[in-house]
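The values are calculated or read from the model by the stated rules, or taken from the named source; none is laboratory data. Note that the coordinates shown come from a computational prediction; the quantities given were computed from them, not determined experimentally. Using ideal geometry, Cβ is built from the backbone for each residue, glycine included, and neighbour counts are taken over all protein chains shown.
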Amino acid sequence: MPRNLIKRYLPAPEKITGHKSLRFLGTMLHDPNLWHLNRHSVARGMALGLFNAMLPIPMQMLVSAIFAIPLRANLPISVALVWVSNPVTMPALFFFQYKLGTMLLGTPERSMPMQLSLSWISAEIQHIWQPLLTGALLMGTVLAFTAYAGTMLYWRFWVSRSWHRRKLRRGRHS
């Protein structure tokens, strides 16, 4: 089952619940449903993590952890998938999100320098935030939906295939 494969790579719940930056969440992290690996919690965790990964905000991991609790998503998966957007992939993601946002909003594109700097970003943020956020929300929504549906379908396929193989093995030995 996909559960066994996923379990190999996830940290122990105690390792995460004991982390000092998550202490403010208190006993909410001790809910066993946040750690169970079933198709619903894993699919929610995948969707939540990828949606948050696309948001151009700081502390994406914290946002993902906070939303995983009421959504009953798998906490480690939702937090880990935030790293799809990392310092290496962020410039390309933000550029594509900005282009997508300008296309959707029909706003003219701002010229970008060859070397991005904090001074350029602070001067241009008032012009680029709406297209960037629009593109990010659309990308996040599409990725979240795709991840949720894909996980549910794959998990169902895997279980169905396992049952079929088990049935064949039992049929031969009878």
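Below, the figures for the structure above:
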| quantity | calculated |
| --- | --- |
| Count - residues of the range 127-174 that are charged (D, E, K, R) and in contact with a Gly (Cβ under 6 Å, 6 or more places away or on another chain) | 0 |
| Residue match in the range 123-134 (condition: closer than 30 Å to ARG39 by Cβ and surrounded by 13 or more Cβ atoms within 10 Å (Cβ to Cβ)) | no |
| Subset tally (residues that are outside any loop (DSSP other than H, G, I, E, B) and at pLDDT below 80) for the range 117-134 | 3 |
| Positions within the range 58-78 being aliphatic (A, V, I, L, M) and either over 12 Å from LEU25 (Cβ atoms) or surrounded by fewer than 19 Cβ atoms within 10 Å (Cβ to Cβ) (or both), in sequence order | MET59, MET61, LEU62, VAL63, ILE66, ILE69, LEU71, ALA73, ILE77 |
| Answer from MET114, MET61 - the residue that is part of a helix (DSSP H, G or I) and among the aliphatic types (A, V, I, L, M) | MET61 |
| Identity of the residue in the range 151-173, small (Gly, Ala, Ser) and within 16 Å of ASN38 (Cβ to Cβ), that ends up modelled with the highest pLDDT | SER160 |
| Inter-residue pairs, beta-carbon under 7 Å, first polar (S, T, N, Q) and modelled with pLDDT of 90 or more and in the range 32-58, second buried (at least 23 other Cβ atoms within 10 Å of the Cβ) and in a loop (DSSP other than H, G, I, E, B), 6+ apart | SER41/ALA73; SER41/ASN74 |
